[in-house]
Structure formats: C-alpha cells, structure tokens
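Presented below is the structure to which this report refers.
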Amino acid sequence: MTKVKIGILKEGKIPIDRRVPIIPSQAQEINERFDNATVLVQKSDIRCFKDSDYKGCDIPIKDDVSDCDILLGVKEVPIENLVEGKTYLFFSHTTKEQPYNRDLLRAILDKKITLIDYEQLTDSNNSRIVAFGRYAGIVGAYNGILTYGKRYNLFNMRPAHECFDLEDLKTEYKKVDLPKIKIALTGGGRVARGAMEVLNGMRIRKVTPADYLNKLFDEPVYTQLNSRDYNKSKKGSDFSTREFYSSPELFESDFGKYAAVTDLLIAGAFWDPAAPVLFKRQDALASDFKVRVIADITCDIEGSIPSTKKPSTIEDPIYDYNPSEDSVEPALKDEANITVMAVDNLPCELPRDASTDFGKELLNNVLPNLLGNDSEKVIERAMITKDGNLTDKFSYLQNYVDGN
C-alpha cells in the first residue's frame, strides 16, 4: 500500500514562529495509528522542539519535504516556498480579505494548491476544532498583570517567553501583589477561559458583574463580561443574544458603566465589525473613565478598542495611547495615558505547550477526516482552494483575488 506522506514544514515567516503543528510524540503516534500515512519533518533550527527530538521518535529529518503529499505548517507559507499541486494546512489569514495576503492566495491558486485553513476547521455545530486560543488567553492575561505591575512599580515577573513552559510560568504567580483593583475580562470562549486560568491561578477572586459594579472589595477582583453585559438595544428592549448576533447594528455599547470602575481591561471577546465598538476615543477622555491598562488579546487594529492603534511585539510588548491626541507614545511616558499590551502572536510565547495542545486537536479531530473519507465534511468545509479554483464556500473571495 502506498502511504500518504505528511511533511512538517520549517516555519518561514518573519518574525520567526517557534511553534509546530505536530510535536515529536504525536508524529510517532500518527505513524503508529494510521496505516496509510507516514510523517517526515523538514530540518529546522528555530522550532521549540529540536530535530533531535523528532529523531528520538523515529521521525526522519529531511532538508526538503517537497515530495510529500500533505504539508503542515502553522503560519503563512512564504510564496517562494509554495510547491505546486500540493495540499497545505496552515493559517492563511485570507478569508477576511486581508490585503497583505492577497498575493499569497493568488499564488496558491496559480500553483493549483489545495489549501485547508485551520481557522475554518469546524464540527457540525460550527465550533472550531483546532485553535491556539487558550494560550492566547493565558499569555494575554499574564502579560496584562505583568504590565499593570510594571506601570505602577508593584512587582516584576519574567516575560512569558522567558519561561520554559506553562508550569515554569506558573512559578511567577507568587510574585503578584496587587492592590484592591478591579479587572474586567471580556469574552466567553477559549481565549477568556485561558485568561481565567491565570487570574484564578493568581488567586484573584471572580465576582458577578452586578457586584463588580456596585460593591467595594478589600482585595483585587475580576469579572467576566459577555456581550449581554456591555451591549444594549438601541430600542430600549431586553437584550436578545440571537438578535445581537443576527443584527448587531441594532445595538450600542453599554461598557461605560464598567469603564468607570475598571483599572485593568483584558479584552478577549471576538468582535464583528458590524457590532458596536467597546468604547470610543471620546469615552476615554471622560473624567469617569478609569481604565489605565489594557491587555488587548484580540488585537483588532482600529477595531472595537480605539487605543489598539498597532500590534506590539513579544520583544517590545507595550506602548502608551494618548487619547487627547489619539496617538501612540512610548510606554509609561505619562500617567494620563493608557498603557496597551497588544501582542498579536501571544501563543508564540509558550510555544511548547501551545504546540502540544494544538497537535492533540489536529491528531484527534482533523487527521481521521483528512486521511479517511471525511464523511462529516470537516475537511470540505475548511478547503479554501482546490485544483486552482476557489471552492464554492469561498467563492466570495474572487473579487479580493482580482483586486476589486
């Protein structure tokens, strides 16, 4: 029987990404579990798992994996590295018509590549089945607390990327010594759950939104806010989740009441551009707007949070936002500014753990469909291109490809 050859790519995007889609022990498991597949790994000096780790699991290391049938990466594959006629799985960042990746999608079509996008892999309930969201939440919340401590000279923790793994990161929690501040966390998905792991691990008490607004506490506390908590109907009617997601333009932000009591905002909620922004620049100028540190995990530039003017980097994670001038300034320059943490690749700070969890989901939720008959259409739903054409589901991207 001819086996399907799966190649794990060396990440080629700059800045470098040390994550992997499949860790060594998982590659070994694929070889043992799937009779019709074998895994090869492209030589790399940047991975969080070394080539020797794969060799130790009897996975061949090759300079070139272009003879493989299926190629797995994490971030976008550089155009010059794309191999004609192959099947690729990676985060393409094209489905929202991102201008910076138009040429990438054009090249994929020109080379008759089959592209399966991780972000589009869903179950029958339309829930994503592979994601790095948990680790975005973990690192984002950690960075938020670290930034608050730095702004007010309260304590110093190691940056997340200097920790070996999550267990090492957790040893830093004991350094946290917060005053009786209030922390607002938005969102209810993987990102928010990851953030809560950190806040709970730091023994910061969770309180209800009502108590958060109306009570004083003798300790730091946080609350989790969902869409219903900080949006309201323009008509004055009761909040309807179904109506909010189907017609978000009928709603407006009600975040101001939380902004008046919040010291640190951790933004982990998905934002639809049709929905209300969380707050506006004018709101941040109001005398009762208390927020002075924002950890924007979502990092939607010029999106729901006006202070997120640009992404920051792992090496330089924070900057100040001056709401009076609507401008970015050097970090910790002025007490009147808002300090922003907006790293757009947070899971890269804990690449070993993030890769392990991601690979587990890929192994259990995706590969059985990719290497089997895909009876549940998991792969079909995530396939953006095939044989040089956009698939029906993603045909709306044709104008984007054409530059219109």
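At a glance:
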| quantity | calculated |
| --- | --- |
| Test result for ASN153, modelled with pLDDT under 95 and of a type outside the set (Val, Ile, Thr) | no |
| Subset of region 180-204 [assigned to a loop (DSSP other than H, G, I, E, B), open to solvent by 30 Å² or more (accessible area, probe 1.4 Å) and modelled with pLDDT of 95 or more] | LYS180, ARG203 |
| Unique match (being free of Cβ contacts under 8 Å to residues at least 40 places away in the same chain and either over 19 Å from THR339 (Cα atoms) or not acidic (Asp, Glu) (or both)) among ARG158, ARG151 | ARG158 |
| Any helices (runs of 4 or more DSSP H) falling wholly within region 322-394 and containing at least 2 residues that are of a type in the set (Asp, Glu) | 351-361 |
| Residue tally, condition open to solvent by less than 10 Å² (accessible area, probe 1.4 Å) and either outside any helix (DSSP H, G or I) or closer than 18 Å to SER375 by Cα (or both), over region 104-117 | 4 |
| Residues of region 363-384 satisfying the condition of being in contact (Cβ under 8 Å) with a residue 24 or more places away in the chain and either touching a helix residue (DSSP H, G or I) at 6+ places or on another chain (Cβ under 7 Å) or under 15 Å from ALA131 (Cβ atoms) (or both) | LEU363, ASN365, VAL366, LEU367, LEU370, GLU376, VAL378, ILE379, ARG381, ALA382, ILE384 |
| Scope region 246-259; condition more than 21 Å from ILE297 (Cα to Cα) and open to solvent by 40 Å² or more (accessible area, probe 1.4 Å); matching residues | SER246, GLU249, LEU250, GLU252, LYS257 |
| Search result, residues across region 83-96 that are open to solvent by 10 Å² or more (accessible area, probe 1.4 Å) and more than 16 Å from THR391 (Cβ to Cβ) | VAL83, GLU84, GLY85, LYS86, PHE91, HIS93, LYS96 |
| Filtered residues of region 10-30 (kept if under 12 Å from LEU367 (Cα atoms) and either free of Cβ contacts under 8 Å to residues at least 60 places away in the same chain or open to solvent by 40 Å² or more (accessible area, probe 1.4 Å) (or both)) | ALA27, GLU29 |
| Residue pairs meeting the criteria (Cβ under 9 Å; at least 6 apart or on separate chains; first within 15 Å of ALA259 (Cβ to Cβ), in region 204-231; second open to solvent by 20 Å² or more (accessible area, probe 1.4 Å) and among the acidic types (Asp, Glu)) | PRO209/ASP229; THR223/ASP211; THR223/ASP229; ASP229/ASP254; TYR230/ASP254; ASN231/GLU252; ASN231/ASP254 |
| Candidate set: region 146-174, residues that are among the aromatic types (Phe, Trp, Tyr) and in a loop (DSSP other than H, G, I, E, B); chosen: the one surrounded by the fewest Cβ atoms within 10 Å (Cβ to Cβ) | PHE164 |
| Within region 93-103, tally of residues that are assigned to a loop (DSSP other than H, G, I, E, B) and hydroxyl-bearing (Ser, Thr, Tyr) | 2 |
| Odd one out for ALA131 among (1) touching a residue at least 40 places away in the same chain (Cβ under 8 Å); (2) part of a helix (DSSP H, G or I) | (2) |
| Enumeration of residues in region 264-290 that are in contact with a Leu (Cβ under 9 Å, 6 or more places away or on another chain), in a loop (DSSP other than H, G, I, E, B) and touching a residue at least 60 places away in the same chain (Cβ under 8 Å) | GLY268, ALA269, LEU278 |
| Residue among VAL277, VAL328 that is farther than 22 Å from ARG228 by Cα, surrounded by fewer than 21 Cβ atoms within 10 Å (Cβ to Cβ), of a type in the set (Val, Ile, Thr) and modelled with pLDDT of 95 or more | VAL328 |
| Which listed residue is surrounded by fewer than 16 Cβ atoms within 10 Å (Cβ to Cβ) and within 29 Å of ASN345 (Cα to Cα), from ASP177, ASP218, ASP229 | ASP177 |
| Residue under evaluation LYS360, criteria (1) touching a residue at least 24 places away in the same chain (Cβ under 8 Å); (2) over 30 Å from GLN26 (Cα atoms), criterion not met | (2) |
| Flag if LYS310 is open to solvent by 60 Å² or more (accessible area, probe 1.4 Å) and in contact with a strand residue (DSSP E or B) (Cβ under 8 Å, 6 or more places away or on another chain) | yes |
| Qualifying positions in region 305-321 - over 17 Å from LEU146 (Cα atoms), part of a loop (DSSP other than H, G, I, E, B) and of a type outside the set (Val, Ile, Thr) | PRO306, SER307, LYS309, LYS310, PRO311 |
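The values are calculated or read from the model by the stated rules, or taken from the named source; none is laboratory data. Note that the structure is predicted; figures quoted are calculated from it, not measured. When we count neighbours, we look across all protein chains shown, and the Cβ atoms used for this are built from the backbone with ideal geometry, even at glycine. Note: areas computed on protein heavy atoms with side chains; ligands, DNA, RNA excluded. Shrake-Rupley method; radii C 1.70, N 1.55, O 1.52, S 1.80 Å.
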